[in-house]
Structures are given as structure tokens and as C-alpha cells.
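Just below is one structure, and these are the notes that go with it.
The values are calculated or read from the model by the stated rules, or taken from the named source; none is laboratory data. Because the structure is predicted, anything quoted here is derived from the model rather than measured. We place every Cβ from the backbone using ideal geometry, glycine too, and count neighbours over all the protein chains shown. Surface accessibility is based on the protein's heavy atoms, side chains included, excluding ligands, DNA and RNA. Shrake-Rupley method; radii C 1.70, N 1.55, O 1.52, S 1.80 Å.
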Amino acid sequence: MKNRFFSLTFILFLLLSINSLYAADFVAGFVGRFGASSATTDRSKIFTSDFRAFESSFSFQPGIFWGYDDTLSTALLFDIGYNKDVYEIKYNNADEKRVVENYKFNSLSLGIFPRLNIGFFSIGVGGGIKLPLSMTYSSKGRGDSSKYRFDFGDIKDSFETFYIPYVKVSADFLVKTKRKFMLSFGIYANYDFPIDVSKNGILKDFTINQDSLASFDIGFQFGMYFIS
């Protein structure tokens with residue numbers, strides 16, 4: 001059912017875009033996001049109910065805008081961003097004491113983000129990959145409060161892949177002006193697909209989690225769009 005919905009949405013978007021190719025305009029957007037994150041080490045789960053951490057990101061979104069009438073428009077955007085993602089996981093050890101592991105990633109992201117605008121409402125569905133530039137690992141409750149910092153090379157040695165695939169959806173209200181400028185206010189949801197911990201990597205020496213990392217994020221976003 002989900003595959004049919006996404007296929008029909010893509011076909012509708014493609015037909016409208018081709019039909020109005022002559023009316024295409026260039027658009028540049030700037031979007032900031034802040035949300036809560038739920039991390040998991042279980043590949044069979046998309047998220048847990050334990051939203052323990054906060055994450056933020058900023059995106060530059062250049063692309064093409066098609067305006068069909070005063071009500072309907074679409075846009076095909078690149079999504080070029082900087083992300084501060086936090087994966088925080090809670091365990092209970094043998095003594096029933098709480099142990100918390102924390103992974104903080106600073107990443108660049110590159111993706112595609114189509115949008116459909118109907119009146120003052122906008123929906124977007126897209127995805128891409130994140131490239132972690134650095135990571136900080138810490139834990140609490142194990143008698144060791146040390147922090148470990150990783151650069152890009154260390155991250156490549158710590159996980160089976162050096163990139164994180166993601167998918168993102170958003171729903172926004174638009175504030176339009178007569179000067180081809182728009183503001184957007186809304187909510188978003190983002191899923192970072194699991195990345196496997198390397199069995200022979202650096203993390204195996206001191207982390208509890210020896211499996212994988214994934215996260216589901218939900219939050220608020222604010223954007224500005226300029227149309228040429």
C-alpha cells in the first residue's frame with residue numbers, strides 16, 4: 001500500500017512537471033530543524049518510545065519550482081545539509097543499574113526532496129545519505145566517564161559503512177508574498193537506516209552495543225524560499 005502511494009505521488013509529480021516545463025523557475029531555500037530522537041540497536045524496529053536526545057540540522061535547498069496556478073505548485077529540490085545527530089541508548093546491567101551510551105555525529109547530508117504545494121499547505125518526501133565527519137562517544141553508569149572522539153577515518157574503521165542512508169517527510173504551512181518569497185512552518189520526521197558496527201573496529205573494545213545504530217527523529221522546522 002505504501003509503495004503504491006509513493007508511486008502514484010511520484011507519477012503525478014512527474015506528469016505535472018513535464019506538462020509545465022516551460023514555466024519552471026529557480027528556487028533556493030534555507031531550512032532549520034530541531035527535534036527529538038529515538039535511537040535503537042534492533043534492526044527490526046524503526047523506533048522506540050524512548051525519545052532520549054535532541055538533534056538539529058540546517059539545509060540549503062536549491063532546485064526547480066513549477067507554479068501551475070494560484071493554488072497548485074511543485075518543486076524538485078536538492079537537500080544539502082549539516083546535521084548534529086544524537087543516538088542515546090539506555091541499558092540495565094546485571095545489578096539493575098542504568099547505563100547510557102551516547103553517540104554524537106556531525107555530518108554532511110546530500111539528498112533529493114520533492115515538494116507538492118496545495119494552497120497554503122505543503123508536503124515533502126525525500127531521502128539521501130549522510131556523511132559523518134566526526135563522532136563523540138560517551139557512556140554513563142559504568143564507572144567510566146571518559147569521552148572518545150573519532151574523525152572520519154576512525155568512523156570508517158568503526159562501522160561497516162561510512163555513510164548513513166536516510167528518508168525524510170515533512171508537512172508545512174506556507175506564508176506567501178507577492179515578491180516570490182515564501183516562509184514555511186511545520187513538522188518533519190526523519191529515519192536514519194541502521195549502520196552496522198564493525199566486528200573488528202575500534203568500538204568493539206569499549207562499547208556495549210556491538211550490533212547496529214538507527215534512529216527516528218521528529219520535530220519542528222522553519223524555512224525561507226526565494227523564487228527567481
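Enumerate the aspartates and glutamates that residue 176 could reach by cross-link, defined here as Cα to Cα under 12 Å, with residues fewer than 8 away along the same chain left out.
70
Could you state how much accessible area residue 56 has, in square angstrom rounded to the nearest 10, with a 1.4 Å probe and all protein chains kept in place?
40
Name the shape class, rounded, prolate or oblate, that the alpha-carbon gyration tensor gives for region 56-142, where a ≥ b ≥ c are the square roots of its eigenvalues, rounded holds for a/c under 1.5, and otherwise prolate holds if a/b is larger than b/c and oblate otherwise. Mind showing how you got there, number by number?
Numbers: a/c = 5.22, a/b = 2.61, b/c = 2.00.
Prolate, because a/c is 1.5 or more and a/b exceeds b/c.
Could you work out the local net charge near residue 113, counting Lys and Arg as +1, Asp and Glu as -1, over the other residues with Cβ closer than 13 Å to its Cβ?
Taking every Cβ under 13 Å from that of residue 113, the sum is +1.
If you roll a 1.4 Å probe over the heavy atoms of the protein chains, what accessible area per residue do you get for region 174-216, in Å²?
I get 50 Å² per residue for this part.
What number comes out for the charge environment of residue 59, summing +1 per Lys or Arg and -1 per Asp or Glu over other residues with Cβ under 10 Å away?
+1
With the convex hull built on the Cα atoms of region 128-228, state its orientation-averaged projected area in nm².
Averaged projected area of region 128-228's Cα convex hull equals 8.8 nm².
Would you mind telling me the share, in percent, of accessible area of region 104-228 contributed by carbon and sulfur at probe 1.4 angstrom?
The C+S portion of the solvent-accessible surface of region 104-228 is 65 percent.
Check cross-link reach from residue 84 to the lysines: straight Cα distance under 25 Å, and skip same-chain residues fewer than eight apart.
Partners within reach: 45, 104, 130, 140, 147, 156, 168, 204.
What net charge do the residues around residue 165 carry, taking every other residue with its C-beta under 9 Å from that of residue 165, with Lys and Arg at +1 and Asp and Glu at -1?
0
So with the 1.4 Å probe, I'd like the accessible area per residue for region 80-126, rounded to whole Å².
On a per-residue basis, 50 Å².
In whole Å, how far is the Cα centre of region 155-221 from that of region 52-94?
Cα centroid of region 155-221 versus Cα centroid of region 52-94: 8 Å apart.
Could you give the length gained on full extension between residue 180 and residue 224, defined as 0.36 nm per residue of separation minus the Cα-Cα distance, in nm? Intermediate values should be presented prior to the final figure.
On the way: separation 44, 0.36 × 44 = 15.84 nm, distance 1.09 nm.
Separation in residues times 0.36 nm, less the Cα-Cα distance, equals 14.8 nm.
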